[in-house]
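Taking it in order: structure first as structure tokens, then the write-up.
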Amino acid sequence: MNGIICVNKPQDFTSFDVVAKLRGILKMKRLGHGGTLDPMATGVLPVFVGNATKACDIMPDNTKSYRAGFRLGAVSDTQDVWGEVREVSDIAVSRSDIEAVMPEFMGKIMQLPPMYSAVQVNGQRLYDLARQGIEVERQAREIEVESLVLEEYDSNTREGVMSISCGKGTYIRTIISDIGEKLGCGGIMTSLVRTSSGGFTLADCFTFEEIQQARDEDRLEELILPIERVFEKLPKLRLGEAQTRMYRNGVKLDLSKLRGVRDNEDCYGVFGFDGVFIGTAFADRENGILRVGKNLG
């Protein structure tokens, strides 16, 4: 069994917990997840099964979307409702106040990773240091926020919901915290649902119970998505029989003898002569060859 099974991650499970749970359900060891979700978050978590685990770290589409609940007027050590609240404010904030500052948090921006995060500084995870009460200097990193929309807001409770589409490495609770700081009142995240990841959506996801039932009814294959779904946005190359053997053996191919190579595209999804997806490749135009990227075949 090879491919991707998308899990609707329940709250209080780490991404590793999900993989461990699925190993028990699927009776398989070769599993890996595509994109860590914090324990308090729910939503889309693609899990790679069998040979597909080779593709865990090369997903070409790193865009993720979220619906995040928030509350203004508070600051916590974890930047969310699950941490220790350290400051409170009764400053009134209107919907227009929030929408006025939101453009500053869109596009390519610099973001300081929170102390409660898996980022490493001098070989130590920040969350390990934070739990010891230690705060260290961190370097801001560039992230990209494609869209940021205020979906709901109640000015009386100062609670609302934002939808966010962003690139890899973005901390949603930090965006909320930074918006709260900009407004002068602080802000914390109260809930987080990942609605899409790497092209997969909640509609593609299953609960543990649904997966367990499918296993018991011997229809697990119905839940497994083909690995090529991850690479469907890449231009496709179809190899001949001899070229397929060469690719699988790691042999560089002559670009001039390949059909489908485009002048303005360098990365490709590669299909064998039988139409089966077998991996990725990169066009090395300087040397006139196609280099094997990730061989999944």
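Throughout, read-outs are computed from the coordinates displayed, never taken from laboratory work. Note that the structure is a prediction, hence the values are computed from the model and not measured. Neighbour counts are summed over all protein chains in view; Cβ atoms, including those assigned to glycine, are modelled from backbone coordinates with ideal geometry.
Of the residues Leu255, Val276, Gly293, the one whose Cα sits farthest toward the positive end of the charge dipole of the range 234-295, with +1 on the Cβ of Lys and Arg and -1 on the Cβ of Asp and Glu, is Val276.
Taking trypsin sites (Lys or Arg not before Pro) across the range 206-285, the ones in a DSSP loop with at most 14 further Cβ atoms lying within 10 angstrom of their Cβ are Arg219, Lys233, Arg259, Arg262, Arg285. Each of Met106, Cys205, Ile175 was placed along the dipole of the chain (beta-carbon charges, centred on the mean Cα), and the one lying farthest toward the positive end is Cys205.
The computed Cα extents along the principal axes in Å for the structure shown corresponds, within (i) 71, 51, 38; (ii) 64, 44, 43; (iii) 62, 38, 36, to (i). Counting only alpha carbon atoms, the long axis of helix 15-26 and the longest principal axis of the chain meet at about 50°.
Considering only Thr244, Gly184, Gly35, the residue lying farthest towards the positive end of the dipole of the chain is Thr244, judged by Cα position with unit charges set on Cβ.
Kindly work out what percent of the DSSP beta bridges joining two residues of the range 64-197 are antiparallel, to the nearest 5. Display every interim value, and only then the final one.
Values: 35 of 36 bridges.
Here the share of antiparallel DSSP bridges comes out near 95 percent.
Indicate, rounded to the nearest 5 percent, the antiparallel portion of the DSSP beta bridges found entirely in the chain. In the chain, DSSP labels about 90 percent of beta bridges as antiparallel. For the range 15-36, the residues whose backbone nitrogen is under 13 Å from a point 7 Å from the Cα of Phe206, taken along Cα to Cβ, are 22-23, 25-27.
Phi-derived couplings, Karplus 6.51 cos²θ - 1.76 cosθ + 1.60 at θ = phi - 60°, listed residue by residue for the range 69-75: x, 8, 9, 8, x, 8, 10 Hz, with x used for Gly and Pro. Cβ screening of the chain for cysteine pairs under 4.7 Å finds these without a partner: Cys56, Cys166, Cys185, Cys267. Sequence-distant contacts, meaning Cα pairs under 8 Å at least 6 residues apart, place the relative contact order of the chain at 21 percent. Applying the Karplus relation 6.51 cos²θ - 1.76 cosθ + 1.60 with θ = phi - 60° to the range 137-142 yields 3J(HN,Hα) values of 6, 10, 9, 5, 10, 6 Hz, where x marks Gly and Pro.
Sparse packing (at most 11 other Cβ atoms within 10 Å of the Cβ) combined with a DSSP loop state is found for the following GluC sites (Glu not before Pro) in the range 187-260: Glu217.
Please list, or write none, the lysines whose alpha carbon is within less than 26 Å of the alpha carbon of Lys64, excluding same-chain residues fewer than 8 places away. Of all the lysines, those that pass the test against Lys64 - Cα under 26 Å, at least 8 places apart if same chain - are Lys9, Lys21, Lys54, Lys108, Lys168, Lys182, Lys233, Lys236, Lys294.
The order of the peptides 12-22, 137-147 by mean Cβ neighbours within 10 Å, most packed first, is 12-22, 137-147.
Across the range 260-277, the residues whose backbone nitrogen lies under 17 Å from the label position 7 Å along the beta-carbon direction of Asn2 are 269-277. Is the range 64-197 best put as rounded, prolate or oblate by its Cα gyration tensor, with a ≥ b ≥ c the root eigenvalues, rounded for a/c under 1.5, and otherwise prolate when a/b is larger than b/c, oblate when not? Cα axes put the range 64-197 in the oblate bin.
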